[in-house]
Amino acid sequence: MLRVDDLSVRYGRVEALRGVSLELRDREAVGILGANGAGKTTLLATIAGLLSPARGTIELDGRRIDGSPPESIVRGGIAHVPEGRRIFGSLTVGENMRLARNARRNDGNFAEDLEGVMELLPTLRRLLDTPAGKLSGGEQQQLAIARALLCEPRVLMLDEPSLGLAPQVVDTVFEVLASLRARGVTLLLVEQNVRRTLRLVDRAYVLRAGNVEVSGSREELADFEALADAYLGAA
Ligand code: ATP
């Protein structure tokens, strides 16, 4: 459903992605692994329409989306939970969630969808009137996921959702991702946490210095020794 072909992205003279190709099928969970600076954040930001590629194409269901503005990419069905979560700290949890309303594909029944999201993320229900800035890191991450889900995405892209969280809270975030997966949400997950990611996803791509170094099913990657090097070593 999502196809990235020969994608190159530059920041001035820095070539952050150099001809990356990947594919994401309906209902699949796919991981993007790699060291700091390998290009993972750049890849998601480019798919989300926040950066323009120097070369290559991005297609959703056979239609080119590269070059489209971010809001139309969200309406097209690709939601992005960026690194650092970007929630509005002075707004309440409920207000943050209602912001998603403008980004939805269909008008649908928002109240019903909100209820569904709170069933999935029950922690948020008792925090509805709390300013989001008062939430813990794990709660903020759940709010960022909730907001993305309320955009009715066909593909949910997450950039390092476990970053900076205590190990127990990381467990909660991965449990949430597992339940999304069980519900058939298509996931593209950028992570530093190789082992947990390989337990969750169907397949993964390992980026190194802007290239896909290796890709395969989680079984194929589980015993791929270079994985640890790609993850720990310099990009
Ligand atoms: P991290 O886990 O640290 O976010 P990453 O794999 O997501 O790493 P990117 O953030 O995509 O990697 O960065 C890829 C390359 O692009 C790196 O060499 C980085 O230094 C460079 N880069 C990223 N953002 C910018 C920017 N705004 N201006 C210049 N270079 C940048």
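The values are calculated or read from the model by the stated rules, or taken from the named source; none is laboratory data. The model shown is predicted, which means the values in this text are computed figures rather than measured ones. Every residue, glycine among them, receives a Cβ derived from its backbone with ideal geometry; neighbour counts consider all protein chains shown. These area figures cover heavy atoms from the full protein model, side chains too; ligands, DNA and RNA do not enter into them. Shrake-Rupley method; radii C 1.70, N 1.55, O 1.52, S 1.80 Å.
Kindly establish whether A38 is in contact with a Pro (Cβ under 6 Å, 6 or more places away or on another chain) and closer than 23 Å to T197 by Cα. It would help to see each step written out before you state the result.
On the way: in contact with a Pro (Cβ under 6 Å, 6 or more places away or on another chain): no; closer than 23 Å to T197 by Cα: yes.
No, not satisfied.
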Search result, residues across the range 75-100 that are touching a helix residue (DSSP H, G or I) at 6+ places or on another chain (Cβ under 8 Å) and open to solvent by less than 10 Å² (accessible area, probe 1.4 Å): I78, A79, V81, V93, N96, M97, A100
What pairs can you find where one residue is in the range 156-175 and among the charged types (D, E, K, R), the other is part of a helix (DSSP H, G or I) and within 13 Å of the ligand (Cβ to nearest atom), and their Cβ atoms are less than 7 Å apart, with a gap of 6+ or different chains? D159/T41; D159/L44
Could you tell me how many of the residues in the range 206-218 are of a type outside the set (G, A, S), within 12 Å of the ligand (Cβ to nearest atom) and open to solvent by less than 40 Å² (accessible area, probe 1.4 Å)? 2
Are there any pairs with C-beta distances below 7 angstrom linking a residue in the range 5-17 that is over 12 Å from G210 (Cα atoms) to a residue that is more than 8 Å from the ligand (Cβ to nearest atom), with the two at least 6 apart or on different chains, and if so which? D5/S21; D5/G56; D5/T57
Complete set of residues in the range 13-35 that are more than 27 Å from R196 (Cβ to Cβ) and of a type in the set (A, V, I, L, M): V14
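When you look at A178, is it open to solvent by less than 50 Å² (accessible area, probe 1.4 Å), part of a helix (DSSP H, G or I) and either modelled with pLDDT under 85 or at positive phi (or both), yes or no?
Criteria not met by A178.
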Which ones in the range 73-88 are within 14 Å of V155 (Cα to Cα) and away from the ligand (no atom under 16 Å from the Cβ)? I73, V74, R75, G76, G77, I78, A79
Give just the number: which of (1) modelled with pLDDT under 90; (2) under 27 Å from G37 (Cα atoms); (3) in a helix (DSSP H, G or I); (4) among the hydrophobic types (A, V, I, L, M, F, W, C) does A111 not satisfy? (2)
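Out of all the residues in the range 190-204, which are open to solvent by 10 Å² or more (accessible area, probe 1.4 Å) and away from the ligand (no atom under 12 Å from the Cβ)? I'd like the intermediate steps shown before the answer.
Initially, the range 190-204 is screened for residues open to solvent by 10 Å² or more (accessible area, probe 1.4 Å), giving 192-196, 198-200, 202-203.
V194, R195, R196, L198, R199, L200, D202, R203, listed by residue number.
Taking the range 55-64, which residues are open to solvent by less than 70 Å² (accessible area, probe 1.4 Å) and within 12 Å of L7 (Cβ to Cβ)?
Matches in the range 55-64: G56, T57, I58, E59.
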Report, ordered by the first and then the second residue, all pairs with beta carbons closer than 8 Å, sequence separation of six or more or different chains, a first member in the range 96-108 that is at negative phi and modelled with pLDDT under 75, and a second member that is of a type outside the set (D, E) and open to solvent by 60 Å² or more (accessible area, probe 1.4 Å). R105/R75
